[in-house]
Amino acid sequence: MFNPVADFIAMRKDIQAQSKLIGVWGFMLNVPTLLGGLYFADHLEGVAVITSILVSLLIATQIHKRTPLSRLMGLCHVVFIPTIILFAMQTGQTPLTMPFGIWSTYSLVLMSICVLIDAFDLYRYFVQGNRTYNT
């Protein structure tokens, strides 16, 4: 049965049990960027962040439901790439002293790091055969 809230809670519980560090990383990636996206929902970047985070969480929870703690979950962040490009195109247009500039830079940096980590996880999954975070 498709229950996004229950699936998210189960995934979050499993991640926290496996690694506090990954749990903190997930919080730092998703919560400030999502809250900023809601605050800046009148900007295209805000809508892009809200959409990419919610879609990525839906994808991650469904992958996790089928293969718990799989490095394949890194596929969920492919939806970050258009948002990263959007942020990169507007970099420098808003001063870093302005709230939008701070949030957009924070989001750009964390989402980019996330995609790089996921690329390495997918390499480990497909090339090295290291399928889960348990190994």
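Readers should treat all values here as calculations from the given coordinates under stated rules, not as data from a laboratory. Note that the coordinates shown come from a computational prediction; the quantities given were computed from them, not determined experimentally. Here Cβ is always computed from backbone atoms with ideal geometry, including for glycine, and neighbour counts include all displayed protein chains.
Quick notes on this structure:
- Count - residues of region 32-44 that are among the aliphatic types (A, V, I, L, M) and in contact (Cβ under 8 Å) with a residue 40 or more places away in the chain: 1
- Residue in region 21-31 that is surrounded by fewer than 13 Cβ atoms within 10 Å (Cβ to Cβ) and either outside any helix (DSSP H, G or I) or of a type in the set (G, A, S) (or both) present: no
- The conditions of being free of Cβ contacts under 8 Å to residues at least 24 places away in the same chain and in contact with a helix residue (DSSP H, G or I) (Cβ under 8 Å, 6 or more places away or on another chain) are met by V47.
- The listed residue being surrounded by 17 or more Cβ atoms within 10 Å (Cβ to Cβ) and farther than 19 Å from F8 by Cβ, out of S70, S56, S107, S52: S107
- Once region 3-18 is narrowed to residues that are in contact (Cβ under 8 Å) with a residue 12 or more places away in the chain and of a type outside the set (D, E, K, R), the residue that is farthest from V49 (Cα to Cα) is Q18.
- Some residue of region 87-99 being more than 18 Å from D7 (Cβ to Cβ), under 11 Å from the mean Cα position of the chain (by Cα), in a helix (DSSP H, G or I) and not small (G, A, S): no
Condition check ((1) hydroxyl-bearing (S, T, Y); (2) over 18 Å from L38 (Cα atoms)) across all residues:
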site	(1), (2)
L69	no, yes
L72	no, yes
C76	no, yes
I85	no, yes
T91	yes, yes
M98	no, no
L110	no, no
L116	no, yes
A119	no, yes
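- Residues of region 117-127 satisfying the condition of being more than 11 Å from the chain's Cα centre (by Cα) and assigned to a helix (DSSP H, G or I): A119, F120, D121, L122, Y123, R124, Y125, F126
- Some residue of region 59-71 being touching a helix residue (DSSP H, G or I) at 6+ places or on another chain (Cβ under 9 Å), more than 29 Å from N134 (Cβ to Cβ), part of a loop (DSSP other than H, G, I, E, B) and not aromatic (F, W, Y): no
- Pairs are defined by a Cβ separation below 8 Å, a sequence spacing of at least 6 or placement on different chains, a first member in region 19-31 that is touching a residue at least 24 places away in the same chain (Cβ under 8 Å), and a second member that is assigned to a helix (DSSP H, G or I); the pairs so defined are I22/I15; M28/L110; L29/L110; L29/M111; L29/C114; N30/I53; N30/L57.
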